[in-house]
Amino acid sequence: MSVLPDIEKIRADFPILERKVYGRPLIYFDNTATSQTPRCVVSAVEEAYYSRKANVHRGVHCLSQEATDAMENARRRVARFINAESETQVIFTRGTTEAINLVASSYGELLEPGDEIILTVMEHHSNIVPWQLLKARKDIIIKVVPIKDDGTLDMAVYRALFTERTRLVSVCHVSNVLGTVNPIKEIIDIAHDRGAVVCVDGAQAAPHIKIDVTALEADFYAFSSHKMYGPTGIGILYGRKSLLEAMPPYQGGGEMIGHVSFSGTTWAELPFKFEAGTPDYVDAAAFSAALDYIDSIGLEKIDAYEQELLEYATAQLEEIPGLRIFGHAPHKCALVSFVVDGIHPYDLGMLLDKLGIAVRTGHHCAQPLMQALGVEGTVRASWAVYNTREEVDTFITALRRAVSMLS
Ligand code: C6P
């Protein structure tokens, strides 16, 4: 029996799963790009707009105070979800991308020309380009950890890349292409031993793995709501307090100031120093509802269920002649990237779409990894709590059909 016996009840929470695509029931296997949204999250958005829309942290009036409370309760909810010591370490951003840009831009100001940072070849562009922009500004050196054949990081090379100039490591907790779950605690411990701080791109880990930033001793941890059954346009940067306090603001404007005058301006306390302008208080509250939803099922159960789907799908994919899977790490999150010899991933994706099945094709915003794998792109299927074994069966049948049509 499955670890989630009441899957139909869960599916009923997601109205989009009732829709059809080209006359066929939607099978949504693009959860690594974004997950679908349960009713309770949309209701939280509706409630915020219909009953307490007012700007936060500014008004003495009742609506403003209620909106402020909802936002600050959401911050505490996020802090509890990731076991942060204090909610002042939780900064609302537009998503993982903005969170990493914040670190690169602001912590990056503290770096000197010739300082070194370490990335890995499996990073999403969001964890490469901000550092390249910093390199252009500050003349830092970027070093890159390669992967081994099974899609795990080459930890021997990682250790060897450190020098006395290494200041920062920025690495994904889970790869969005390979599914590899990186040994993040070991990565952090090695960096700390060598005096470097670690920024973790948790975009693909937070929807599946219990994150405990305190136990990990992470310096920065970034993730996005929309991959966690939450609304789009909001995400989190968690930061170590002493680092956040030492860092200059990322953007200037309202909210982030202590006092403004033309002779000089002071900054607000954490976390507001990093939240210039009117924040997305509606989606903050809705993200909190998404975290409640995850906890109502249990992240461990969600992960165990998704692992069942991963194993079930992988075994069947491996039976298809000419199909090559990228990423065979012993610990993977629930996604599979593959190519079929002689067939362009885009063509497979197009045919699957016509059969009602949504997968992602292309480089997945990880072009350096594609170069390392020697492919232009892959097909990627990825699972969430509401997917089923029956959907996997339909997907495999459709894929076999598509392969035979295109061969
Ligand atoms: N990856 C995918 O289909 P944003 O867009 O800021 O919410 O997340 C960016 C991001 C950062 N790091 C990793 C590891 C990611 O996977 C992503 C988003 C999606 O793989 C969209 S490109």
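Read-outs: derived from the displayed coordinates by stated rules, not from any lab. Nothing here was measured: the structure is a model prediction, and the numbers come from that model. Note: ideal-geometry Cβ built from the backbone for every residue, glycine included; neighbour counts use all protein chains shown.
Taking the chain as a Gaussian network, where each spring joins two C-alpha atoms under 10 Å apart, which residue of V129, V41, V174 fluctuates the most? Fluctuation is largest for V129. In terms of the Cα gyration tensor, with a ≥ b ≥ c the square roots of its eigenvalues, is region 268-392 rounded because a/c is under 1.5, prolate because a/b exceeds b/c, or oblate? Prolate, since a/c reaches 1.5 and a/b exceeds b/c. Note on K148 and S263: the model spin-label points, each 7 Å out from Cα along the C-beta direction, lie 6.3 nm apart. Among Y22, Y28, a tally of other beta-carbon atoms within 10 Å of each Cβ gives an order, fewest to most, of Y22, Y28.
How would region 323-373 be classified by its alpha-carbon gyration tensor: rounded, prolate or oblate, with rounded meaning a/c under 1.5 and the a/b versus b/c comparison settling the rest? Here region 323-373 falls in the prolate category. Fully extending the segment from A12 to K301, taken as 0.36 nm per residue of separation minus the present Cα-Cα distance, adds 102.2 nm.
Label region 16-145 by shape, choosing from rounded, prolate and oblate, from the square roots a ≥ b ≥ c of the eigenvalues of the Cα gyration tensor; if a/c is under 1.5 it is rounded, and otherwise prolate applies when a/b is larger than b/c, oblate when it is not. Oblate, because a/c is 1.5 or more while a/b does not exceed b/c. Separation of region 144-180 from region 327-396 is 23 Å, based on Cα centroids. Region 190-253 and region 100-122 have Cα centres lying 14 Å from one another. Here the ratio of the Cα radius of gyration of region 17-69 to 2.2 N^0.38 Å is 1.76. When DSSP beta bridges are restricted to pairs lying wholly in region 42-295, around 45% turn out antiparallel. A Förster radius of 22 Å, combined with the Cβ-Cβ distance separating K20 from R400, puts the computed FRET efficiency at roughly 0.50. As a rough footprinting exposure proxy, the listed residues W383, W131, W267 were ranked by other beta carbons within 10 Å of their own, and the order from fewest upward is W267, W131, W383. Here the relative contact order of the chain, from alpha carbon pairs under 8 Å that lie six or more residues apart, stands at 23 percent. Considering every alpha-carbon pair of the chain, the percent of pairs per 10 Å bin, from zero through the bin containing the longest distance, is 5, 22, 30, 25, 14, 4, 0, 0. A DSSP coil position with no more than 16 other Cβ atoms inside 10 Å describes the following trypsin sites (Lys or Arg not before Pro) in region 194-296: R194, K210. Just the number, please: percent antiparallel of the DSSP beta bridges in region 168-247, rounded to the nearest 5. Close to 45 percent. Computed extension gain for H192 through A358, at 0.36 nm per residue and net of the alpha carbon distance, reaches 55.6 nm. Label-to-label distance for S86 and I320 is 5.2 nm, based on points extended 7 Å past Cα in the beta-carbon direction. What's the longest piece of the chain with no exposed GluC sites (Glu not before Pro), counting a site as exposed if DSSP puts it in a loop and it has at most 12 other beta carbons within 10 Å? So the longest stretch without any such site is 165-268. Taking Cα centre as origin and charging only the Cβ of basic (Lys, Arg, +1) and acidic (Asp, Glu, -1) residues, the dipole magnitude of the chain rounds to 600 debye. Projecting label points 7 angstrom from Cα along Cα→Cβ for A33 and V157 puts them 3.0 nm apart. The Cβ shell under 11 Å around T232 holds other residues with a net charge of 0, Lys and Arg each +1, Asp and Glu each -1.
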